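In what follows, a single structure is set out as structure tokens and then discussed.
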Amino acid sequence: MSAHIIEQVTFKLAAGVSEDEFLKIVPATSEFISAQPGFVCRRLSLSDGGVWHEHVEWKTLEDANRASEKFMKHASVAPFMGMVEEKSVTMAHHQLKVSVG
């Protein structure tokens with residue numbers, strides 16, 4: 001059995017977008033992501049510097065890549081993407097080695 005994959009995405013909100021506004025549209029993206037094959041879990045956190053950190057666990061890298069392609073094209077996530085400062089986005093995939101809890 002291969003190790004699960006952690007997709008790590010960091011980003012800032014676009015100018016003028018409040019945390020409350022943003023969090024209201026997050027459930028639509030969670031619904032989309034959780035319906036994708038290979039989805040395990042999602043966590044979204046905010047650092048003191050205004051950088052959001054999204055960690056999505058996938059069963060395989062292929063699952064993560066397929067979901068990412070669909071995500072960028074799906075109408076339900078357009079409001080989410082419209083609230084994110086595009087130039088601030090970074091994404092990386094890591095092989096999960098230890099998970100507790």
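Numbers at a glance
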item: Environment charge of HIS4, counting only residues whose C-beta is closer than 9 Å and scoring Lys/Arg +1, Asp/Glu -1; result: 0
item: Table column - 3J(HN,Hα) (Hz), the stretch 48-62, Karplus curve with 6.51, -1.76, 1.60, x for Gly and Pro; result: 4, x, x, 9, 8, 10, 10, 10, 10, 9, 10, 5, 9, 5, 4
item: Area projected by the alpha carbon convex hull of the chain, averaged over all directions, nm²; result: 6.9
item: Distance in nm between pseudo-label sites at HIS93 and GLU31 (7 Å out along the Cβ direction from Cα); result: 2.7
item: Neighbour cut-off at most 11 other Cβ (10 Å), DSSP loop, trypsin sites (Lys or Arg not before Pro), the stretch 46-101; result: LYS97
item: For the chain, built as a Gaussian network whose Cα springs stay under 10 Å, the top-fluctuating residue of GLY50, GLY16, GLY38; result: GLY16
item: Gap separating the Cα centres of the stretch 2-20 and the stretch 49-99, nearest whole Å; result: 7
item: Ellipticity estimate at 222 nm from DSSP helix runs (n ≥ 4, -39,500 (n - 2.57)) divided over the chain, nearest 500; result: -10500 deg cm²/dmol
item: Given charges at Cβ of Lys, Arg, Asp, Glu: the stretch 8-101 dipole, positive-most of VAL40, PRO27, PHE11; result: VAL40
item: Coarse-grained scattering of the stretch 28-85 at q = 0.12, 0.14, 0.19 Å⁻¹, given as base-10 log I(q)/I(0) from a Debye sum over alpha-carbon atoms; result: -0.30, -0.40, -0.73
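Read the figures in this text as sums done on the coordinates, not as results from a lab. Everything quoted here is computed from the prediction, not taken from an experiment. Here Cβ is always computed from backbone atoms with ideal geometry, including for glycine, and neighbour counts include all displayed protein chains.
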